[in-house]
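Reading through the structure tokens given below for one structure.
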Amino acid sequence: MTDPILSVKNLNVRYFSARGLLHAVRNVSFDLGREKVAIIGESGSGKSTVGRALVRLLPDIAKVNADRLSFEGKELLSLSERKMQDIRGRRISMILQDPKFSLNPVMSVGEQVSEAYLAHFKVSRAEAKKRAIEQLASVQIRDPEHVYGLYPHEVSGGMGQRIMIAMMLIPDPAMIIADEPTSALDVTVRAQVLSLLDDLVQRRGIGLLFISHDLNLVQSFCDRVLIMYAGQVVEELRASELHLAQHDYTKGLLASLPRIGQRRDRLSVLNRKQDWARDLERQP
Amino acid sequence: MSLISISDIDLHLGAGTRSRQILDGISFDVDEGQTFGLVGESGSGKSTVLRCIAGLYRHWTGSIAVDGDTFESADRLAWCRKVQMVFQDPYGSLHPKHRISDILAEPLQIHRFGDIDRRIGEALEQVGLGGQFRYRYPHQLSGGQRQRVAIARALVLRPRILLLDEPTSALDVSIQAEILNLFKDLREELNLTYVLVSHDLAVIDHMCSAFAVMQAGKIVEVLTRDALDAGQVSAPYTRALLEASGHYDLAAPPSAQS
Ligand SMILES: Nc1ncnc2c1ncn2[C@@H]1O[C@H](COP(=O)(O)OP(=O)(O)OP(=O)(O)O)[C@@H](O)[C@H]1O
Ligand SMILES: Nc1ncnc2c1ncn2[C@@H]1O[C@H](COP(=O)(O)OP(=O)(O)OP(=O)(O)O)[C@@H](O)[C@H]1O
Ligand SMILES: [Mg+2]
Ligand SMILES: [Mg+2]
């Protein structure tokens, strides 16, 4: 791969909480170019912690270190908080799982898009509103003038998610971290959100880190897949070759999925092995 | 004769000028021992149908009968003992400050059952949780264990029908497999009948012999599993669902329809 947008080498995150130390992310390494890379794994495996570590949005009890965490050539861990804020706002965007928590409940969704616009460009309020409406239209929201005035509780889950995406696109990011962006959506809306993200990768050359636990979706939507188990990347595959997985955890996950047209009386369940959690070798 | 028979249900929600028709002429039948599925887009009324059957909404028109008794003529408590519901969210649906034993005892006390201790033990065993779980709080359980507790709570009253509202969509696929297997085992052991709501057609296909597809408060199509496997679907919405289900088609991005 030629000059990746993001390069991560031996990322470690430890949480120091009242209950003791948890080594939540262990020696995770990967590169992200102008492509769609998925992180999959079960609840608690460390997917969101990786995503948040990349934008340095972890609570104070989390200690992060890495041999390398470089984004567009900059070493993220050594930047000042002010520089980091700048990158977070302009070059890296993050979509969170539940749009209703991320939107401000007492401000109309359109005003929020306008505000995002004003934060990045020196334009009049009237101009920001006009651009905000265009931005809403660009994420396939029908009747954007009407939607502009709605409050977050008045829009459906899929619309909320698209509004978040509209806001994210304003600053022209180079990388998007999407943490379970579609698990709250039904399949038809989900397809629209995915096609928007896909379009960004194809046309604007954005790198997309797609955190999910939906194996089928990842297989058809992404280019590469990192499989996490207990804080480590236990396997990395081309998405189209997920069925060739070697690791027993990945194989177990694939086998546990029901599939249309492959009728079975019982689904196979995961038979966890202690071995899966043992320390893997660090990257040199 | 069908165990559940629903015919021509209409329901409006919201007061005054904000009142909207949410269900429009919903009809279907479910045989004893069958699992009947409901799929459809978000907001199409799937959860609302379950709420009507469970008796959580009462101002619908039409008729709902279970085992020959109509909802109007039945005793409310008796209806509730026959028909129990399991909700989607294993985190939200259990009271955080109550021990598992209290959570399971509550419906038994409301229905004035005796022998509460034994019944709790039995229900926990049915869902594969040992007696040591009795004195735990929900936050001390994993997502899959919490969902098992929610199922146990629905089972303590020995219902004939379980209404399952997206019972596995908050769970990892490996845990989903365990819970779906559990539902199948319980259906055999306890001779249960299910109505299952899911947005995952593969889950519906695995569990249900037949299912209804809903859109905007209406049933647009009722299909058997065999028809689904053979791709014999006719409503455009079902086709979109089938195409979008489980995978993303890079070649044919969906048209906008917000
Ligand atoms: N603020 C925190 N303090 C202490 N431990 C935490 C904190 N946040 C996360 N953890 C722990 O770190 C581990 C990884 O959590 P993380 O949220 O990254 O998992 P995940 O893979 O995103 O899971 P999910 O699929 O449930 O979102 C878990 O064991 C979790 O309990
Ligand atoms: N108390 C209420 N007052 C007014 N409208 C309501 C109320 N509860 C639900 N609705 C509306 O009824 C419709 C059907 O809701 P329902 O929860 O049954 O949908 P669903 O098919 O279960 O959707 P999902 O897949 O998102 O769970 C929605 O448009 C919803 O906004
Ligand atoms: Mg997460
Ligand atoms: Mg619902």
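The values are calculated or read from the model by the stated rules, or taken from the named source; none is laboratory data. The shown structure was predicted, so the numbers you read here are calculated from the model rather than taken from an experiment. Note that each Cβ is placed from the backbone with ideal geometry, even for glycine, and that neighbours are counted across all protein chains shown. Protein only, heavy atoms only, side chains kept; ligands, DNA and RNA dropped before computing areas. Shrake-Rupley method; radii C 1.70, N 1.55, O 1.52, S 1.80 Å.
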Legend entry - Probe 1.4 Å, protein heavy atoms only - accessible area per residue of the protein assembly as shown in square angstrom: 45
Inset, instruction - At a Cα cut-off below 21 Å, give the lysines reachable from A:K63, other chains included and same-chain residues fewer than 8 away excluded. - result: A:K9, A:K47, A:K74, A:K83
Legend entry - Extended-chain gain in nm, criterion 0.36 nm per residue less alpha-carbon gap, A:A255 and A:S124: 41.6 nm
Inset, instruction - Express in whole angstrom the spacing between the alpha-carbon centres of the stretch A:40-57 and the stretch A:117-148. - result: 31
Inset, instruction - Whenever you get a sec, line up B:D185, B:D8 from highest to lowest accessible area (probe 1.4 Å, protein heavy atoms). - result: B:D8, B:D185
Legend entry - Cβ-placed point charges (K, R +1; D, E -1), dipole of the stretch B:4-253 about Cα centre in debye, nearest 20: 1060
Legend entry - Estimated buried accessible area (total), pair B and A, 1.4 Å, Å² to nearest 100: 3400
Inset, instruction - Tell me what the protein assembly as shown gives for mean residue ellipticity at 222 nm when only DSSP H runs of n ≥ 4 count, each as -39,500 (n - 2.57), the sum divided by the residue total, rounded to 500 deg cm²/dmol. - result: -10000 deg cm²/dmol
Inset, instruction - Could you grab the Rg to Rh ratio for the stretch A:88-208? Cα atoms only, Kirkwood for Rh. - result: 0.93
Legend entry - Crossing angle, helix B:143-155 versus chain B [Cα axis fit, 0-90 degrees, rounded to tens]: 80
Inset, instruction - List the residues whose amide H sits under 5 Å from the amide H of A:M94, counting only those 5 or more places along or on another chain, with H placed 1.01 Å from N in the peptide plane. - result: A:I177
Inset, instruction - Name the residues whose placed amide hydrogens come within less than 5 Å of the amide hydrogen of B:G40, ignoring near sequence neighbours (fewer than 5 apart) on the same chain. - result: B:M214
Inset, instruction - Would you work out which of B:S44, A:I92, A:G41 lies farthest towards the positive end of the dipole of the protein assembly as shown, given +1 charges on the beta-carbon of Lys and Arg and -1 on that of Asp and Glu, about the Cα centre? - result: A:I92
Legend entry - Cα-derived Rg over Rh, computed across chain B with Rh taken as Kirkwood radius: 0.97
Inset, instruction - Enumerate the lysines that A:K130 could reach by cross-link, defined here as Cα to Cα under 18 Å, with residues fewer than 8 away along the same chain left out. - result: A:K122
Inset, instruction - Pick out, in residue order, every one of the trypsin sites (Lys or Arg not before Pro) in the stretch A:187-271 that is DSSP loop and has at most 14 other C-beta atoms within 10 Å; say none if there are none. - result: A:R259, A:R263, A:R264, A:R266
Inset, instruction - Along each of the three principal axes of the Cα atoms of the protein assembly as shown, give the extent in whole Å, ordering the values from largest to smallest. - result: 71, 56, 46
Inset, instruction - Set the Förster radius R0 to 51 Å, insert the Cβ-Cβ distance between B:T61 and A:S268 as r into 1/(1 + (r/R0)^6), and round the FRET efficiency to 0.05. - result: 0.65
Legend entry - Cβ charges +1 (Lys, Arg) and -1 (Asp, Glu), total dipole of the stretch A:55-140, debye: 200
Legend entry - Helix B:100-110 vs. chain B, principal-axis angle (Cα, 0 to 90°, nearest 10): 90
Inset, instruction - Please go through the stretch B:97-147 and write out the trypsin sites (Lys or Arg not before Pro) that DSSP classes as loop and that have at most 12 other C-beta atoms within 10 Å. - result: B:K97, B:R112
Inset, instruction - Report in % the part of the accessible area of chain A that belongs to carbon and sulfur, leaving out ligands and nucleic acids; probe 1.4 Å. - result: 48
Inset, instruction - Report, to the nearest 10°, how far helix A:81-90 tilts away from the longest principal axis of the Cα atoms in chain A, using its own Cα long axis and a range of 0 to 90°. - result: 70
